[in-house]
Amino acid sequence: MSAIPAAAKGPASDLVVIESLGKSYRRDRFEIPVLAGLEMRIQEGEFVALMGPSGSGKSTLLNLLAGIDRPSAGRILVQGEDIARFGESELAPWRQRHVGFIFQFYNLIPVFTAFENVELPLKLFRLSKQQRREKVENVLALVGLSDRMDHYPRQLSGGQEQRVAVARALVTDPTLLLADEPTGDLDATSATEVLDLLALLNASYHKTIVMVTHDMRAAARATRRYHLDKGALTPWETHQALS
């Protein structure tokens, strides 16, 4: 039995609501806008792909959704809570409960085994050692790595490392699974395996996924696609019609 229970799909509701979202950074005396007046809704159980040129603000938007960065303007509501108004003392436990993040370069700890890397987020919760072990073993089985749990990252292929990273993001059963170029450092075969896994998590386990990608093959797995450029967000079909 998986640590991530399968969920029957019911009527969809808005899990994320973004209103008038803006983000800018200061460089010396200059203010550099990255996002301006973004409006977006993500329903529970959607798989959303964000595409666009480098520097368009895709990763910035992902970091804002994760509560890693703060908006300059607007609101980000997740399950009705405006995380833009949270203080850091509120954001840290919120991220622990609600966000699983998958990075392009895996970000595994090299001196930890696959098991220990996946277990790490669970140490922030009040769980017994046995409870942690059960959750880790279940989620490593889900990503097809039961036979690699005692291996160190250097003993794994790139695709296996990324599947460990997916397991680590999943082990707390987060509300949002956020992926920043999850196949960007993988060969075609490994990329397909990771995309198959994400599609399975969305279709069979009803996980809500937001993925930044440059790869149209990866974006094709999503249920909804957006193009982000110059701080503006456009449905992919509209962007294609205008380009």
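The values are calculated or read from the model by the stated rules, or taken from the named source; none is laboratory data. Here the structure is a predicted model, which means the values were calculated and not measured. With ideal geometry, Cβ positions are generated from the backbone for all residues, glycine too; neighbour counts draw on all protein chains shown.
When you go through Ser24, Ser54, Ser59 one by one, which is the residue that is among the hydroxyl-bearing types (Ser, Thr, Tyr) and at pLDDT below 90?
Ser54
With the condition kept exactly as written, say whether any residue in region 37-48 is at pLDDT 95 or above and at positive phi.
Checking region 37-48: at least one residue is at pLDDT 95 or above and at positive phi.
List every residue pair whose Cβ atoms lie under 6 Å apart, where the two residues are 6 or more positions apart in sequence or sit on different chains, the first residue falls within region 110-121 and is touching a residue at least 12 places away in the same chain (Cβ under 8 Å), and the second residue, located anywhere, is in a helix (DSSP H, G or I) and hydrophobic (A, V, I, L, M, F, W, C).
That search, which allows pairs on different chains as well, returns Ala114/Val164; Phe115/Val136; Asn117/Val164; Val118/Val136; Val118/Ala167; Glu119/Val136.
Could you list, in sequence order, all residues of region 138-157 that are surrounded by 16 or more Cβ atoms within 10 Å (Cβ to Cβ), within 29 Å of Gly45 (Cβ to Cβ) and either in contact with a strand residue (DSSP E or B) (Cβ under 9 Å, 6 or more places away or on another chain) or not hydrophobic (A, V, I, L, M, F, W, C) (or both)?
Selection gives Asn138 alone.
Examine region 232-239 for a residue that is assigned to a strand (DSSP E or B) and small (Gly, Ala, Ser), and state whether such a residue exists. If you could, list the steps in order and put the result at the bottom.
Just the residues of region 232-239 that are assigned to a strand (DSSP E or B), to begin with: 232-235.
The next check asks that each one be small (Gly, Ala, Ser); those that pass are 232.
Within region 232-239, one or more residues are assigned to a strand (DSSP E or B) and small (Gly, Ala, Ser).
One line per residue, one yes/no per condition, for (1) assigned to a helix (DSSP H, G or I); (2) in contact with a Pro (Cβ under 8 Å, 6 or more places away or on another chain); (3) closer than 25 Å to Glu181 by Cβ; (4) of a type in the set (D, E, K, R):
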| site | (1), (2), (3), (4) |
| --- | --- |
| Ala84 | yes, yes, yes, no |
| Glu90 | yes, no, no, yes |
| Pro93 | yes, no, no, no |
| Leu120 | yes, no, yes, no |
| Lys123 | yes, no, no, yes |
| Arg132 | yes, no, no, yes |
| Val139 | yes, no, yes, no |
| Asp147 | yes, no, no, yes |
| Gln160 | yes, no, yes, no |
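Assuming Val166 fulfils every condition listed in (1) in contact with a strand residue (DSSP E or B) (Cβ under 7 Å, 6 or more places away or on another chain); (2) farther than 14 Å from Gly144 by Cα; (3) not polar (S, T, N, Q) apart from one, which condition is it?
(2)
Considering only residues of region 193-233 that are polar (S, T, N, Q) and surrounded by 17 or more Cβ atoms within 10 Å (Cβ to Cβ), which is nearest to Gly159 (Cα to Cα)? I'd like the intermediate steps shown before the answer.
Just the residues of region 193-233 that are polar (S, T, N, Q), to begin with: 202, 204, 208, 213, 223.
With surrounded by 17 or more Cβ atoms within 10 Å (Cβ to Cβ) added as a condition, the list becomes 202, 208, 213.
Numbers: Asn202: 19, Thr208: 22, Thr213: 17 Å.
Looking at the filtered set, the residue picked out is Thr213.
Answer with yes or no whether Val118 is surrounded by 19 or more Cβ atoms within 10 Å (Cβ to Cβ), in contact with a helix residue (DSSP H, G or I) (Cβ under 6 Å, 6 or more places away or on another chain) and of a type outside the set (Gly, Ala, Ser). Spell out how you get there, then give the answer.
Numbers: surrounded by 19 or more Cβ atoms within 10 Å (Cβ to Cβ): yes; in contact with a helix residue (DSSP H, G or I) (Cβ under 6 Å, 6 or more places away or on another chain): yes; of a type outside the set (Gly, Ala, Ser): yes.
In short, yes.
Please determine whether any residue of region 199-213 is part of a loop (DSSP other than H, G, I, E, B), under 14 Å from the mean Cα position of the chain (by Cα), of a type outside the set (Lys, Arg) and under 29 Å from Ser24 (Cβ atoms).
Looking through region 199-213, at least one residue is part of a loop (DSSP other than H, G, I, E, B), under 14 Å from the mean Cα position of the chain (by Cα), of a type outside the set (Lys, Arg) and under 29 Å from Ser24 (Cβ atoms).
Given the residues Phe86, Phe101, which is the only one that is touching an Asp or Glu at 6+ places or on another chain (Cβ under 8 Å), surrounded by 15 or more Cβ atoms within 10 Å (Cβ to Cβ) and under 23 Å from Pro121 (Cα atoms)? It would help to see each step written out before you state the result.
Working: Phe86 fails: touching an Asp or Glu at 6+ places or on another chain (Cβ under 8 Å).
Result: Phe101 is the single residue among Phe86, Phe101 that is touching an Asp or Glu at 6+ places or on another chain (Cβ under 8 Å), surrounded by 15 or more Cβ atoms within 10 Å (Cβ to Cβ) and under 23 Å from Pro121 (Cα atoms).
Could you grab me the full set of residues in region 144-191 that are closer than 21 Å to Ala222 by Cα and free of Cβ contacts under 8 Å to residues at least 12 places away in the same chain? Give the derivation first.
Here is the first cut: in region 144-191, the ones closer than 21 Å to Ala222 by Cα are 159, 162-163, 165-167, 169-170, 173-191.
Residue satisfying the conditions is Ala188 alone.
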